[in-house]
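Got a structure for you, written out below as structure tokens; questions coming shortly.
The values are calculated or read from the model by the stated rules, or taken from the named source; none is laboratory data. The structure presented is a predicted model; accordingly, all values stated were derived computationally and were not measured. Ideal geometry is used to build each Cβ from the backbone, glycine not excepted, and the neighbour counts take in all protein chains shown. These area figures cover heavy atoms from the full protein model, side chains too; ligands, DNA and RNA do not enter into them. Shrake-Rupley method; radii C 1.70, N 1.55, O 1.52, S 1.80 Å.
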Amino acid sequence: MANFAQGSVICNTGEPFRNLLIVTEGSVEAELGGHKFTFGVGDFLGFSAIIEGTHSLTYTATTEVTAFSYDFEDISSLETLLREKEDTKNVIVASMSRQLSMFLHEHASLKSEAFKAHDLVTKVYPLYEKLCGRYAYTAKKLPALAAVQPPTGDSVPDWAYNYYAGITELEPAVQKAFFSKQGISLGYIIGGSEEICRIIAACETYQKYIADISRVMLSPTRFDLFSILAELHVDSATIGGADAAVDTIMSPITTMLSSMRYVDQNAFKKRVEDYKNNLITARGGKRQPGGALTAGEKQNLADSMTIILKYSGYPEEQANKFARLVQEYVKLSDRASSDDGPHRMRRELTTMFNEVYKLTFMNSLNDPALPTIIKMFLNFGYMDANLAGHDNADYLYSIADSVTGDPERGIYTAQEWLTAVYQGKKDPCRNEFDMDYAAHVAELKQQKRFDAKEEARLLADNELKLIFEIDNIFPIVNKLTFGRITTFCPIFSDNNVQRGLEGSMITPEGIRQAFDEIKKVDFGAFYRETLYSNTEIGVPRETVHIEVMPEVILMPNVGVRGIMWQEIEGRKRTTPGRMFAPLFLLTDLKPLMTRLTGEFRWEMCKRVQGSRWQDITEASLTAEYCDYLQFYKSNRDLSTELKAQVKIELTRSRNNYKNVFVLNYVDWITHEANGSPRLNRVARKILMKYCTFASEIREGLSQNPQFAEALKLLNFKKNQREHLLSRVIQKLTVSKIPVPQELTDELEYVKS
């Protein structure tokens, strides 16, 4: 017999199955995805473990428990027990029947809830879109819906319910007689154990499905099916017939969420309370939407500029002037005209836009329920439906609540980036004079504008850091990423939209994919060289490389350019670089990111080399490229024809060596990696040395005579480095010292 105190764990999930346990006194509880199962006297603990070898559930004693214990090694142990103890066999069989019934009941409940949730979600959203169209509202897109599929992964057969229920309902005497044969009882227990494994696996699948779909219906982010239905209901409450029509799709969602597992009911009740209060207020309102809309305009976009200006708190006189200028700008026949009038108008609008943006963003920081129109302004530069074009405005509104970057992987929308600066998660960028916030404050102190105590306060003030970012970086970067500087106006305008917005929008996935494709060619593009030291294990100093991906901030415009703004953050060389790009890109993303990667490589080398970045006595990418371009005329490795080509490259790049390198780098990634030569042998040799192809590409080019010389030298150096590292690692291994991950990673890097 085995005894367990109240509250003690009898066996844990994943624990090896060592003992056949049958409860003789007390009660036991097990939990599966929040649902608790109770086991009492006569219950066998861990049927699924007979087959799997480990427990699928954690069993906890809810009272003091005594259990019959029998050592288990394999099925033969169970067979011996059934043969030797007739009474125990009957107890185990009866317990199996009860537990199968119990697990199947939970399985049926989960299955029903999962399919009901799927059916409701997939039926309600199309009805929502239909009602939006009927009452002149723009429907919001809910990206999570695209991933909603019917539940799958259930291998429990339908006949199992009636089969095991039928056995349970048999008279005790009939059951006992039927299972008196050991082969039948053993087969029933083994088959039932396999069935319980399938049931538990299916239950876990349904639990995950319900948890996922419940977040589509009610999300902590407050952007979900419930929120968009509630918003439509409140906004359309005064339109004849709309109140009742929207209520017909809102009610089933509310009803289901009120009883759905994995939904935080306290949070849900608060959401419902807010929704009903807003609805009562709306029903009592005097506003009658829909009476004065222009052609193509939607109810929720009709007063966009008024909403934004009011939210910003922009002074009334200035706000009126700004609104008047926007209306005049809308009426221009050519908004990109270089004439003095349109040029002055764009410049004045730009100044006022930046002021409104700053005020709006500052007000948004403490707003837990940011209006969709404000999100459109902050992330897209949107202000007016007539200026944006109604189709464009509809699309922007439909995605505004769901457009996000991926801050955890260094990709930000403008709103997310500025918020991260305000929260102290990121330092402000360097300004156009290459001065960061700390240097800016130090310069002001040097001008004797304040003392050391005030300097310390300013350096810790996140709001001032945010203002520095908005005032010094946002305006110029927004203009540069737009690309057409002379015709720049930051307000979203349909004359700038030359491709479909959906196809031109840069997504985090698109950026990651572009970087991945670049790294498949130039595998070391974002690796930084640093030192590793561990004297305790006999590694005093070793050079290692770590990968630090750059951060990408998506600016609120429709543009054509990307900007490599800074290669590191502050002075630490292992911090991420920063790149800016337009949220809506009118060119292809891969070539843009390739060019920015080339710029990053050049600037990073300059940072590492410091003042000696052009010194050929200290070999580096920039030094060798500058030497090559400066003295190409006397280079004997270049023919007269090739020298002429270098001259053309320099002329195209206005004699800027960095620009020549970037052009060559794009060719290196795009053409040379595919065995299609575009560069001369001197440039190719430098690029192979510092922007080395990945091993698969090198292997493919090994027979190409144009790459043979550069590859031979590269392979010699890589083999030397690999040999030295392998010796260090072998020495540690022989001494039975754990090899540091840094050295293992470095060896993989060298082999790449």
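Name the residue, out of Leu225, Leu218, that is open to solvent by less than 30 Å² (accessible area, probe 1.4 Å), among the aliphatic types (A, V, I, L, M) and in contact with an Asp or Glu (Cβ under 8 Å, 6 or more places away or on another chain).
Within the list Leu225, Leu218, the selection yields Leu218.
Could I ask something else about it? Look at Ala673 and say whether it is part of a helix (DSSP H, G or I) and either surrounded by 15 or more Cβ atoms within 10 Å (Cβ to Cβ) or touching a Phe, Trp or Tyr at 6+ places or on another chain (Cβ under 8 Å) (or both).
Criteria met by Ala673.
Further, regarding this structure: What are the pairs with Cβ atoms under 6 angstrom where one residue, in segment 347-365, is closer than 17 Å to Ile307 by Cβ and among the polar types (S, T, N, Q) and the other, located anywhere, is open to solvent by 20 Å² or more (accessible area, probe 1.4 Å) and not in a helix (DSSP H, G or I)? Sequence gap at least six, or different chains.
From segment 347-365, the pairs are Ser364/Leu370.
Okay, moving on. Could you tell me which numbered condition Ala237 fails, if it satisfies all but one of (1) over 22 Å from Ala147 (Cβ atoms); (2) part of a helix (DSSP H, G or I); (3) of a type in the set (A, V, I, L, M, F, W, C)?
Of (1) over 22 Å from Ala147 (Cβ atoms); (2) part of a helix (DSSP H, G or I); (3) of a type in the set (A, V, I, L, M, F, W, C), only one is false for Ala237: (2).
Do we find that Leu20 is assigned to a helix (DSSP H, G or I), touching a strand residue (DSSP E or B) at 6+ places or on another chain (Cβ under 7 Å) and not small (Gly, Ala, Ser) in this structure?
For Leu20, the condition - assigned to a helix (DSSP H, G or I), touching a strand residue (DSSP E or B) at 6+ places or on another chain (Cβ under 7 Å) and not small (Gly, Ala, Ser) - is not met.
Further question: Could we say that Tyr749 is surrounded by 12 or more Cβ atoms within 10 Å (Cβ to Cβ), touching a strand residue (DSSP E or B) at 6+ places or on another chain (Cβ under 6 Å) and of a type outside the set (Gly, Ala, Ser) here?
For Tyr749, the condition - surrounded by 12 or more Cβ atoms within 10 Å (Cβ to Cβ), touching a strand residue (DSSP E or B) at 6+ places or on another chain (Cβ under 6 Å) and of a type outside the set (Gly, Ala, Ser) - is met.
Pick from Ile686, Ile648: which is more than 27 Å from Phe526 (Cα to Cα) and in a helix (DSSP H, G or I)?
Answer to the check: Ile648.
Of the residues Phe468, Phe482, Phe492, Phe474, which is within 22 Å of Glu355 (Cα to Cα), out of contact with any Pro (no Cβ under 9 Å at 6 or more places or on another chain) and surrounded by 18 or more Cβ atoms within 10 Å (Cβ to Cβ)?
Phe474
Now for a separate question. Tell me which residues, restricted to segment 131-161, are loosely packed, with under 11 Cβ neighbours inside 10 Å and either out of contact with any His (no Cβ under 6 Å at 6 or more places or on another chain) or modelled with pLDDT under 85 (or both).
Ala146, Ala147, Gln149, Thr152, Pro157, Asp158, Trp159
Which of the numbered conditions does Asp637 fail, given that it passes all the others? Conditions: (1) surrounded by 15 or more Cβ atoms within 10 Å (Cβ to Cβ); (2) touching a residue at least 40 places away in the same chain (Cβ under 8 Å); (3) part of a loop (DSSP other than H, G, I, E, B).
(1)
If you go through segment 725-746, how many residues are part of a helix (DSSP H, G or I), surrounded by 12 or more Cβ atoms within 10 Å (Cβ to Cβ) and not hydroxyl-bearing (Ser, Thr, Tyr)?
Count: 9.
Shifting gears a bit: Under the condition of being farther than 26 Å from Glu509 by Cα and among the polar types (S, T, N, Q), which residue from segment 577-614 is surrounded by the fewest Cβ atoms within 10 Å (Cβ to Cβ)?
Ser611
Can you find a residue in segment 498-508 that is within 27 Å of Met435 (Cβ to Cβ), of a type in the set (A, V, I, L, M) and surrounded by fewer than 20 Cβ atoms within 10 Å (Cβ to Cβ)?
no
Now a separate question. Could you list, in sequence order, the residues of segment 347-371 that are within 22 Å of Ile473 (Cα to Cα) and either touching a helix residue (DSSP H, G or I) at 6+ places or on another chain (Cβ under 7 Å) or in a loop (DSSP other than H, G, I, E, B) (or both)?
Glu348, Leu349, Met352, Asn354, Val356, Lys358, Leu359, Thr360, Phe361, Asn363, Ser364, Leu365 - these are the residues of segment 347-371 that are within 22 Å of Ile473 (Cα to Cα) and either touching a helix residue (DSSP H, G or I) at 6+ places or on another chain (Cβ under 7 Å) or in a loop (DSSP other than H, G, I, E, B) (or both).
Could I ask something else about it? Residues in segment 336-346 that are closer than 19 Å to Asn478 by Cα and either among the aliphatic types (A, V, I, L, M) or open to solvent by 30 Å² or more (accessible area, probe 1.4 Å) (or both): how many?
The total comes to 4.
Do the conditions hold for Met549, that is, is it touching a Gly at 6+ places or on another chain (Cβ under 7 Å) and either closer than 23 Å to Met505 by Cβ or part of a loop (DSSP other than H, G, I, E, B) (or both)?
yes
Pairs needed: first member in segment 159-185, closer than 13 Å to Lys89 by Cβ and touching a residue at least 12 places away in the same chain (Cβ under 8 Å); second member anywhere, open to solvent by less than 70 Å² (accessible area, probe 1.4 Å) and among the β-branched types (Val, Ile, Thr); C-beta distance under 7 Å; at least 6 residues apart or different chains.
Phe179/Val93; Ser185/Val93
How about segment 509-537: which of its residues are closer than 17 Å to Pro550 by Cα, of a type in the set (A, V, I, L, M) and in a helix (DSSP H, G or I)?
Once the filter is applied, which keeps residues that are closer than 17 Å to Pro550 by Cα, of a type in the set (A, V, I, L, M) and in a helix (DSSP H, G or I), segment 509-537 yields Ile511, Ala514, Ile518.
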